Each structure stands twice: as C-alpha cells, then as structure tokens.
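Here's the structure, in structure tokens; my notes come after.
The values are calculated or read from the model by the stated rules, or taken from the named source; none is laboratory data. A quick note: this is a predicted structure, and the numbers were derived from the prediction, not measured. All Cβ positions, glycine included, derive from the backbone under ideal geometry; neighbour counts span all protein chains shown.
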Amino acid sequence: MTTYQAQLTTAGASHSTAANILSTHAGFDGSGNVTNQTSAAQTVKDANQALTDAHTVLVQAVSDLQKAVQAWKLQP
C-alpha cells in the first residue's frame, strides 16, 4: 500500500502541474482564444505531457496493486 500511495501522490503532482499550466493559459485570452500561437502550442504540449505522466503513473500503480493483491491472496 505504501508504494501505491506514493504512486498516487506522484500522479497527483503531475495532475496539479497540468492544472497550473492550464490555469495560466499562456498564449490564450480569458475566453480561450489564441493570442500567441507559439505560447498556446507550448501550453497545450506541456499540459499534455503532465497529464500523460499522471496517466502512466496511475496505470503502473493499478498494475502494481493488482499484483500485490494476487500475491497476498496466494499467501498461506
């Protein structure tokens, strides 16, 4: 469980990073319209990377947890 919880914390940090990137919305105005194409593209790229990182960690966390539960079930 400790590993799982640590992985959730890591995924949460990546999610927070994405949220901060999107809330800053560099290259976009308050209505979501592009004001600077280069900055907007970088914003989307950075947010995508942070969310991809969160997803990857969550998938690994679930896999690790499932393996741990299976190993626990096989204990005498």
Restricting attention to the range 45-65, and to residues there that are of a type in the set (Val, Ile, Thr) and surrounded by fewer than 16 Cβ atoms within 10 Å (Cβ to Cβ), which single residue is farthest from residue 6 (Cα to Cα)? 52
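Yes/no per residue for (1) surrounded by fewer than 17 Cβ atoms within 10 Å (Cβ to Cβ); (2) touching a Cys at 6+ places or on another chain (Cβ under 7 Å); (3) at pLDDT 95 or above; (4) within 30 Å of residue 67 (Cα to Cα):
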{"residue": "17", "(1), (2), (3), (4)": "no, no, yes, yes"}
{"residue": "20", "(1), (2), (3), (4)": "yes, no, yes, no"}
{"residue": "29", "(1), (2), (3), (4)": "yes, no, yes, no"}
{"residue": "34", "(1), (2), (3), (4)": "yes, no, yes, no"}
{"residue": "37", "(1), (2), (3), (4)": "yes, no, yes, no"}
{"residue": "40", "(1), (2), (3), (4)": "no, no, yes, no"}
{"residue": "43", "(1), (2), (3), (4)": "no, no, yes, no"}
Answer with yes or no whether residue 68 is of a type outside the set (Asp, Glu), surrounded by 13 or more Cβ atoms within 10 Å (Cβ to Cβ) and not in a loop (DSSP other than H, G, I, E, B). yes
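For the range 43-76, which residues satisfy the criterion of being out of contact with any helix residue (DSSP H, G or I) (no Cβ under 7 Å at 6 or more places or on another chain) and of a type in the set (A, V, I, L, M)?
Scanning the range 43-76 gives 44, 59, 62, 68, 69, 71, 74.
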